[in-house]
Structures are given as C-alpha cells and as structure tokens.
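Participant: Below is one structure. I have some questions about it.
The values are calculated or read from the model by the stated rules, or taken from the named source; none is laboratory data. As the structure is a computational prediction, the values presented were derived from the model and not from experiment. Cβ: placed from backbone, ideal geometry, glycine included. Neighbour counts: every protein chain shown. Please note that ligands, DNA and RNA were not included when accessible areas were found on the heavy atoms of the full protein model with its side chains. Shrake-Rupley method; radii C 1.70, N 1.55, O 1.52, S 1.80 Å.
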Amino acid sequence: MDTNIESALQTAPLALKGEFVWGSNHTFLVEVQGSAEPFLAVYKPTQGERPLWDFPEASLALREAAAYVVSQALGWDLVPPTFFRPDGPFGPGSLQLFIDHDPEYHYFNLTEEDRQRLRPVALFDILVNNADRKGSHMLFDPQDHLWLIDHGICFHVDPKLRTVIWDFAGEPIPAVLLDRLRSLQGRTTDWLPGLAEYLLAEELAALEGRLEGLLANPVYPLPPGNRRAFPYPPV
C-alpha cells in the first residue's frame, strides 16, 4: 500500500463530506486533505458506537485498526489501510481508506470463481474471531482486488465467529495459507506488540491461541451447533 496514503490517514486534515445512514453505528465519509491528491476515507467515531453487552465500551474503532495490523502481518492486503485517529471531526475514531466498489455485487451473487477466492477471507475471520462477516463486507475494487471491511466486533476472547462464509467448512486449509500462518507465528514480536494499544491482554492471548489452534488442526471449522453461526442481517 502507498505509504503516502498511510501517512495521510494518520496525520492529514479531514473534511466531513457526508454520513452513511444504514449502519448500527455512526459512520461518516470524509476527505483526507493536505496532499497533492485528496482522497476519501470512512470515519467511525468512538462516541457514535452503540454499546454492546459482550464487547468493552468504546472499543470498536480500536478493533478496526487492530484488524488492519493483522492483515498486514499476514501479507494478504485484505483490510484497507485503517488507523485510529484521536483528532477526528467528532473525536477519536477509526479512519479507513474508502474503497470504490459496486455495492450490488456481494457474497450472495458472487461468481463461482470469486467464491473460490474467499478461502483466505474465511481463515482471516477465524483468526480474528469475526462476529459479523456480512455478505456486503467484501468489496471488489475497479482493479478486482478483494477488500474486507467492518471489523469492529472482532478479537473477543470467547468464540464469536458469525459469518456467511461457511463454504469451506470441514475442508483442509490450503498449504499456501498455512505457510502464512506459520510465518505469522514465527514473527509475533514483529506485529503482536503493535496490537497492545488496541486490544486487552486477554484478547491478545486469545488471538495467539487461535493461531496455535489453526496450525494444530488445519481444517476450516464447521458451523457451531450451540450458538448463532450467521450474522444478522446477512447482507
């Protein structure tokens, strides 16, 4: 990813452009200024988060930034550049590069070829314990790169995986993806400390435990029978 974009997301002035009105939490479109080519980003202020009974209060924006750290550590470029900004228009919150995409193209009408590209997505969600992988959270940009968004309710210490992607349940995890997990495990000192400013110590320990579990039993899990396995709404 362009380091200029990453730097601007962390420090450049922001201009409010509008609000996305269909989500559970307040989410805004902003223009990132201060560079030769201003660009759009998605801003989620902490004060606009709806409290959840099972996640710490005012933590969702931090989890958005944590998901980007894990995505980068894996080298999969799944999550758009995302940072926690203490100085947003409505206070602290997450700031993520806006991805131009076709909102009518989502999980439920993917081609079979594109469905087969979701194996790393499913694995990423297991690793970060994503409790809300909806069908519209997978975006294909004009260059056909696959991006993942909305990671505010990830990294819980308890099993919370809720996803529409159970296509590979029971299948072995491909060797090329396992190699990335092994590399991730061997480089914890490179990326794990960076998560400490976003996640609780017990959540970091749980993340390490999930990584170890995937390597010990390299199979995509089956949907759980003792709790809800799908997000609501699914799209």
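Participant: Where only protein heavy atoms count, and the probe is 1.4 Å, what is the accessible area per residue for region 1-63 in Å²?
Facilitator: Working: 3740 Å² over 63 residues.
Normalised by residue count, the accessible surface of region 1-63 is 59 Å².
Participant: Going Cα to Cα from K17, which lysines come in below 22 Å? Please leave out same-chain ones fewer than 8 positions away.
Facilitator: Candidates past the 8-residue exclusion: K44.
Participant: Pairs of alpha-carbon atoms within less than 8 angstrom and 6+ residues apart define the contacts here; what relative contact order does the chain have, in percent?
Facilitator: The normalised contact order for the chain reaches 18 percent.
Participant: For region 85-158, run through the GluC sites (Glu not before Pro) and keep only the ones in DSSP coil with at most 16 other Cβ atoms within 10 Å of their Cβ.
Facilitator: In loop regions of region 85-158 (DSSP not H, G, I, E or B), the sparsely surrounded GluC sites (Glu not before Pro) are E104.
Participant: Another question, if that's okay. Counting other Cβ atoms within 10 Å, keep those with at most 15, restrict to DSSP loop, and tell me which GluC sites (Glu not before Pro) in region 1-86 are left.
Facilitator: Sites meeting the loop and neighbour criteria: E57.
Participant: Keeping the other protein chains in place, figure out the carbon and sulfur percent of the accessible area of region 53-178, with a 1.4 Å probe.
Facilitator: 56 percent
Participant: In whole angstrom, how far apart do the alpha carbon centroids of region 1-15 and region 178-235 sit?
Facilitator: Cα centroid to Cα centroid, the span is 28 Å.
Participant: Moving to a separate point now. Using θ = phi - 60° and the Karplus relation 6.51 cos²θ - 1.76 cosθ + 1.60, list the HN-Hα couplings for region 96-102 in order, rounded to whole Hz, with x at every Gly or Pro.
Facilitator: Values, residue by residue: 10, 3, 6, 9, 5, 7, 8 Hz.
Participant: Full extension from Q116 to R50: what is 0.36 nm times the residue separation minus their Cα-Cα distance, to one decimal in nm?
Facilitator: 20.3 nm
Participant: Moving to a separate point now. Say a paramagnetic label sat at a point 7 Å from the Cα of N109, along Cα to Cβ; which residues of region 126-145 have their backbone N under 19 Å from it?
Facilitator: In region 126-145, the label zone of N109 (backbone N under 19 Å from the point 7 Å along Cα→Cβ) covers 134-145.
Participant: Separate question: Per 0.36 nm of contour for each residue apart, how much would the distance between E202 and H145 grow if the chain were fully extended, relative to their Cα-Cα spacing?
Facilitator: 17.2 nm
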